[in-house]
Amino acid sequence: MAAAPRTVEQMKHTQPEREHKREREHRRAPGTARGTPIVSAVVVWTAVGAALVLGACAEDPLSLEPDDAPGAATITREEFLPAAELPDWRDTTISGFVRRTTASFVVVAIEEGFQSRTLMRFDVPDTIMTFADTLPVDHFDSASFTVSIDQAFSEFAEFPATFRLVGLAQAFDAETATWSEAGDSAAWAMPGGDLTTEIAAGELADEEGSVELTFSVDADSLLKSWQELDGGPGVALMFDGAEAFVRIPSVVLHIEPVLEGREVPVRQDLAPVDRTFITDPPFPPTGTELRVGGVPGSRAYFQFTMPDTIAGVPLRGSTVNHAELILQPLPAADSAWVVRQGLNVRQVALLADPWELGARTPVGASSAAGVRLTPDLLAESTPLTLNLTAIVANAAAGGPVTIRIGVRPDPVGQELGFVSFGSVESEGELAPVIRVVLSPPPVFGLP
């Protein structure tokens, strides 16, 4: 059924409502849909809430500036710990690892304030073994000595350099002989050995590659006397002339005996059965200083405990960036015992207490690379530093706090001279010091 026609009066009332509706539509932003006013309200309230949350986070420690964050104030510190202030510090020198009789060289020298001679004894055989049998010696056709000279470690004031082989009137004991005694408290008739007649002499020329000196000797009479006396008293190798310091790795006696019933000599090369060298003055005894090197082969040993705190910083939990033991060289020893060509030293770990076991103390693997101490560095008193970083870091992580380390020549017995360092008994800056660079453990406080 069709709607009834509206009257003019009804249309008058409807018109204003349409105009108001058009006005509301006009006020909306172009392209907005119905219902947008509700979404806008949500956005507004979200923005307000976010602002409130950010305002609350300004008090959260985890959102502070980097410089103000917990743990950011940790400062790396460098501290020096003198040996005398460390708990249970001990240091010592133990010698005897290489003696004159076991050294890889002997020394012949004549310098201002220092002399050295080499003593040797050769056991000349009565019989010689051949391919078929063993035959007695009939006579000696010839004999000579070859002296090898280590030019890198030797010094000559002038050339030619003359050496002499001289017989001894009194036998010597290789282990105990000194410049004043032949051994076992038996004194030499004259200091330096009871010298008799010259056996041979030779000259060394200043020629490149000239590293051997040969002495020809009166073979038969000399060697037969040594046969009968099991080498006899022995011989002394000496230097005759201007100043020289000569390091000799080996001396070999070459003999050519003719066996009974034979005509062709059989060459034999003999090393000394006894050899040593005596010096004036004698090798100095150890004192309170720490010694490394020399013959009789000395090593420096240390034992100490890391403290619980370092300058107020707890060691446990700290980050150990670097740690080292600093040793100060003492003034050079007398000229005879100065390191001439440099000394290689190596840091080692000790597996037992050296104060209890002495020279028998077992040594572990090297804990750091070797260091070469040269005369120039020693003359400038350049310190020797031993790296302790891994050891101290292990203590900081809760490992053992007692540390035992040693410093030894590498190889042992390479030099007659030695290097001395300050010990805990040394005064002032000569005493050992441990340098530690560490970062205290970070502290995280509650917000």
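Computed from the coordinates by the stated procedures, all read-outs in this text should not be read as laboratory data. Please read these numbers as outputs of a predicted model, since none were measured by experiment. Positions of Cβ are generated from backbone atoms using ideal geometry, with glycine treated the same way; all protein chains shown enter the neighbour counts.
For a label point 7 Å from the Cα of S225 along Cα→C-beta, name the residues of the stretch 98-136 whose backbone N is under 17 Å from it. Taking a point 7 Å out along Cα→Cβ of S225, the residues of the stretch 98-136 whose backbone N falls under 17 Å are 120-125.
Were the residues from E243 through S104 laid out at 0.36 nm apart, the gain over their Cα-Cα distance would be 47.7 nm.
With contacts taken as Cα pairs under 8 Å at a separation of at least 6 residues, the stretch 81-194 carries a relative contact order of 12 percent.
Would you mind checking the stretch 150-184 for residues with the amide N under 13 Å from a putative spin-label position 7 Å along Cα→C-beta of A359? Hits in the stretch 150-184 for A359 at 13 Å: 175-176.
A cut-off of 5 Å between modelled amide H atoms, ignoring neighbours fewer than 5 places along the same chain, links T92 with Y301. Backbone N atoms of the stretch 398-437 closer than 13 Å to the 7 Å Cα→Cβ label point of N321 belong to residues 436-437. Projecting label points 7 angstrom from Cα along Cα→Cβ for D141 and A201 puts them 3.0 nm apart. Length gained on full extension, V211 to T288, computed as 0.36 nm times the residue gap minus the Cα-Cα distance: 23.8 nm.
Give the shape of the stretch 333-444 as rounded, prolate or oblate, defined through the alpha-carbon gyration tensor: a ≥ b ≥ c are the square roots of its eigenvalues, a/c under 1.5 means rounded, and otherwise the shape is prolate if a/b is larger than b/c and oblate if not. Prolate shape, in that a/c is at least 1.5 and a/b is the bigger ratio.
Shown is the FRET efficiency for R90 and A169, computed with R0 = 45 Å from the Cβ-Cβ distance and rounded to the nearest 0.05: 0.40. Here I75, I110, I405, I434 are placed in order of increasing Cβ neighbour count within 10 Å, fewest first, which gives I75, I110, I405, I434. Across the stretch 167-321, the mean sequence separation of Cα contacts (distance under 8 Å, 6 or more residues apart), normalised by length, yields a relative contact order of 18 percent.
The length gained by stretching the chain between F97 and S148 to full extension, at 0.36 nm per residue less their Cα-Cα distance, is 15.9 nm.
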